[in-house]
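The values are calculated or read from the model by the stated rules, or taken from the named source; none is laboratory data. Because the structure is predicted, anything quoted here is derived from the model rather than measured. Cβ sites come from the backbone with ideal geometry, for glycine too, and all protein chains shown count toward neighbours.
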Amino acid sequence: MNKIYLCAISNILSGSCKEDCSFCTQSSKYKTDIQRYNFKDIKTVVEEAKLARKSKAIGFCLVTSGLGLDEKRKSYMIEALYELNFHDIGLNYIGCNGIAKYEDLCKLKDAGLGSYNHNLETSQNYYKTICTTHDWKSRFDTCLAVKKAGLKLCSGGIFGMGESRDDRDDFIASLRELEPDSVAINFFVPNLALPLKKNTISKTEAKEIVLNIKESLPNSRIMVAGGREQMFENLGEVFESGANSIVIGDYLTTKGEKKDKDINAIEALGLKIAKSCDG
Ligand code: SF4
């Protein structure tokens with residue numbers, strides 16, 4: 001393994017989503033105990049980005065809850081991107097703003113966006129079980145539009161939501177069609193307020209999934225994101241399974257490991273942390 005890539009997340013608009021994704025604490029259909037707020041002040045986002053860079057992140061993901069990139073989200077993103085790039089912090093900016101059109105993605109790219117994250121979440125067939133308010137195809141089409149717009153694509157999903165092995169195989173086959181630059185692998189973290197009550201995979205299966213994805217997508221960066229702390233004993237296990245990227249700091253609505261602890265653990269393993277997105 002050459003280098004480890006670190007990515008940080010900023011939840012810039014949290015909760016109150018009208019969709020019913022049964023794994024998501026940000027859906028307004030479920031009474032989850034999360035923080036809810038409207039667009040975060042851009043000055044705060046700039047400070048968070050500076051802190052992320054100090055913590056050796058090279059990617060900084062700006063996430064909005066909600067179905068997709070509407071006019072309000074697009075305007076906010078463009079303003080935030082101009083401000084972030086003005087400060088020349090040295091990060092690759094990633095948009096994660098839901099279903100999006102090619103034309104709007106081009107506008108974000110013109111404003112300085114480098115990548116767009118949009119997860120397929122699971123197989124096309126199983127998606128109907130976990131979400132009834134929008135379809136999987138709109139997710140796949142958004143990923144295609146990301147590539148067409150010339151942005152780097154980060155796509156992946158969540159394992160342990162009750163999907164079968166066939167669903168996982170179908171899901172990974174769809175990711176192969178997309179060939180994302182980066183694959184984000186999450187493991188379901190249960191919350192009693194959600195319809196999905198438990199994570200249905202074992203720790204051994206989690207390692208097998210990462211390895212399978214690494215082998216299926218040899219040219220993609222493999223990121224283990226949410227659920228890492230629950231499914232892996234330590235970072236050595238994560239990287240031995242084939243991942244070369246992690247989220248540093250907190251996730252959208254759940255706590256992550258302390259940043260210093262992760263950085264020290266990576267260095268103790270004798271691994272180098274990437275200084276830029278390209279290496
Ligand atoms: S659309 Fe996004 S924010 Fe809304 S419930 Fe689904 S995953 Fe959560």
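Listed residues Ser10, Ser22; which is within 16 Å of the ligand (Cβ to nearest atom), part of a strand (DSSP E or B) and in contact with a helix residue (DSSP H, G or I) (Cβ under 8 Å, 6 or more places away or on another chain)? Before the answer, list the steps.
Numbers: Ser22 fails: part of a strand (DSSP E or B).
Step by step, each of Ser10, Ser22 is checked, and only Ser10 is within 16 Å of the ligand (Cβ to nearest atom), part of a strand (DSSP E or B) and in contact with a helix residue (DSSP H, G or I) (Cβ under 8 Å, 6 or more places away or on another chain).
Collect the residues in the range 262-274 that are in a loop (DSSP other than H, G, I, E, B) and within 14 Å of Ala8 (Cα to Cα), keeping them in residue-number order. Ala274, the sole residue that qualifies.
Within the range 25-50, track down each residue that is modelled with pLDDT of 95 or more and hydrophobic (A, V, I, L, M, F, W, C). The answer is Ile42, Val45, Val46, Ala49. Here Trp136 fulfils each of the conditions (1) surrounded by 21 or more Cβ atoms within 10 Å (Cβ to Cβ); (2) more than 19 Å from Arg221 (Cβ to Cβ); (3) of a type in the set (Phe, Trp, Tyr) apart from (1).
Would you list the helices (runs of 4 or more DSSP H) that sit entirely within the range 26-123 and hold 2 or more residues that are away from the ligand (no atom under 14 Å from the Cβ), more than 24 Å from Asp260 (Cβ to Cβ) and in contact with a strand residue (DSSP E or B) (Cβ under 7 Å, 6 or more places away or on another chain)?
Values: elements: 42-54, 71-86, 102-110.
By residue number, 71-86, 102-110.
The single condition among (1) in a loop (DSSP other than H, G, I, E, B); (2) under 26 Å from Gly59 (Cβ atoms) that Arg139 does not satisfy is (1).
Scanning the range 237-252 turns up no residue that is in a loop (DSSP other than H, G, I, E, B), surrounded by fewer than 19 Cβ atoms within 10 Å (Cβ to Cβ) and over 18 Å from the mean Cα position of the chain (by Cα).
You will find that of Ala206, Ala149, the residue that is touching a Cys at 6+ places or on another chain (Cβ under 6 Å) and more than 18 Å from Glu19 (Cα to Cα) is Ala149 and no other. Could you grab me the full set of residues in the range 176-190 that are surrounded by fewer than 24 Cβ atoms within 10 Å (Cβ to Cβ), closer than 19 Å to Ala149 by Cβ and not acidic (Asp, Glu)? If the condition is that a residue be surrounded by fewer than 24 Cβ atoms within 10 Å (Cβ to Cβ), closer than 19 Å to Ala149 by Cβ and not acidic (Asp, Glu), then Leu178, Ser182 are the ones that fit. Apart from one condition, Asn219 fits all of (1) closer than 20 Å to Lys152 by Cα; (2) surrounded by 14 or more Cβ atoms within 10 Å (Cβ to Cβ); the exception is (2).
Quick one: would you say Ser16 is within 16 Å of the ligand (Cβ to nearest atom), out of contact with any strand residue (DSSP E or B) (no Cβ under 6 Å at 6 or more places or on another chain) and touching a residue at least 12 places away in the same chain (Cβ under 8 Å)?
Numbers: within 16 Å of the ligand (Cβ to nearest atom): yes; out of contact with any strand residue (DSSP E or B) (no Cβ under 6 Å at 6 or more places or on another chain): yes; touching a residue at least 12 places away in the same chain (Cβ under 8 Å): yes.
Yes; evaluated as a whole, the condition is true for this residue.
Checking Lys197, Lys207 one by one, the residue that is modelled with pLDDT of 95 or more, basic (Lys, Arg) and not in a strand (DSSP E or B) is Lys207 and no other.
Is one or more of the residues making up the range 157-165 in a helix (DSSP H, G or I), closer than 20 Å to Gly226 by Cβ and either free of Cβ contacts under 8 Å to residues at least 40 places away in the same chain or under 19 Å from the mean Cα position of the chain (by Cα) (or both)?
no
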